[in-house]
Amino acid sequence: MSETTTKPNIQDQTSTQNPSAEQKIELEKELLGWKAASRPFKRRDKQFWTTIIAIAAIFGLILFLVEGVMPVILIISLIFLFYVLSTVEPENIQYSITNKGVKIVGQRTDWEVLTKFWFTRRHDSEILVFEMSVLPGRLELVILPKDKEKIKTLLTTYLKEEESPPSNIDRAANYFSRFLPQG
C-alpha cells in the first residue's frame, strides 16, 4: 500500500490563475537622450549683489525690530544660497525620454505622474516644464534648443502641451524681479 502523491505542476497553475503572466512585459526603451546643465544659470555682476544686499539689510533691520533675530538669520541664509547658486556653475547631466517616462540621471518619473508639459526660457536657457500630480508639482529640465521640436513631437504622444497659469508665488517673484538690476 504505497501512496503516491503527485505534486501539481507550478507552471500549469500560474498560467491558469494568471493569464497575464503569459503576456510579454514591455521593456523600457530610450527614445531620446541629451546632456545639458542641471539648472538654468546666469552669472550676476557687482551692481546686482550691491542692490540685493542693500535691500536685504533694510528689510532685515525692519524684521529685526519687529520680530527679532530669527527672520534676519533666514534672510542671510537665503541670500547666501542665492549667491552660491549664482556663482557655482551647474554640472552637465544626462536627461532622457523613454517609453515609460522621463529620466534625469537614471531616476525615472513615470507618465502616470506627469499631466502636461510646455516650454519656457529662463536665463538664456530653454526649459521643458512638466506639471506633476504629486509634490513638488513641477519638473523642469534644461534642453538643447536643437532638440526642442523632437522633444515636442515625442511628448505629444504621451501628454498634452498646455501651459499652466502662473501661481501666486510665480507672480510675486516676477513682480519683485522687476525692481532688481538685470546684471
Considering residues of region 131-183 that are of a type in the set (S, T, N, Q) and touching a strand residue (DSSP E or B) at 6+ places or on another chain (Cβ under 8 Å) only, the residue modelled with the lowest pLDDT: Ser164
Going through region 91-108 in order, the residues found to be surrounded by 14 or more Cβ atoms within 10 Å (Cβ to Cβ) and either more than 13 Å from Glu28 (Cβ to Cβ) or among the basic types (Lys, Arg) (or both) are Ile93, Tyr95, Lys100, Lys103, Ile104, Arg108
If we only count strands (runs of 3 or more DSSP E) wholly inside region 23-123, which ones have 3 or more residues that are touching a Gly at 6+ places or on another chain (Cβ under 8 Å)? 92-98, 107-110
Taking region 127-183 as the search range and keeping residues that are of a type in the set (A, V, I, L, M) and in a loop (DSSP other than H, G, I, E, B), which one is nearest to Arg44 (Cα to Cα)? Leu180
Against the condition more than 16 Å from Ser38 (Cα to Cα) and either of a type in the set (A, V, I, L, M) or in contact with a helix residue (DSSP H, G or I) (Cβ under 7 Å, 6 or more places away or on another chain) (or both), how does Phe117 come out, does it pass? yes
Looking only at residues in region 83-116 that are aromatic (Phe, Trp, Tyr) and closer than 19 Å to Pro136 by Cβ, which one is farthest from the chain's Cα centre (by Cα)? Trp111
Provide a single number: the residues in region 31-54 that are of a type in the set (A, V, I, L, M) and without any contact (Cβ under 8 Å) to a residue 40 or more places away in the chain. 2
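The values are calculated or read from the model by the stated rules, or taken from the named source; none is laboratory data. Note that the structure is predicted; figures quoted are calculated from it, not measured. As a convention, Cβ positions derive from the backbone with ideal geometry for all residues, glycine included, and neighbour counts pool all protein chains shown.
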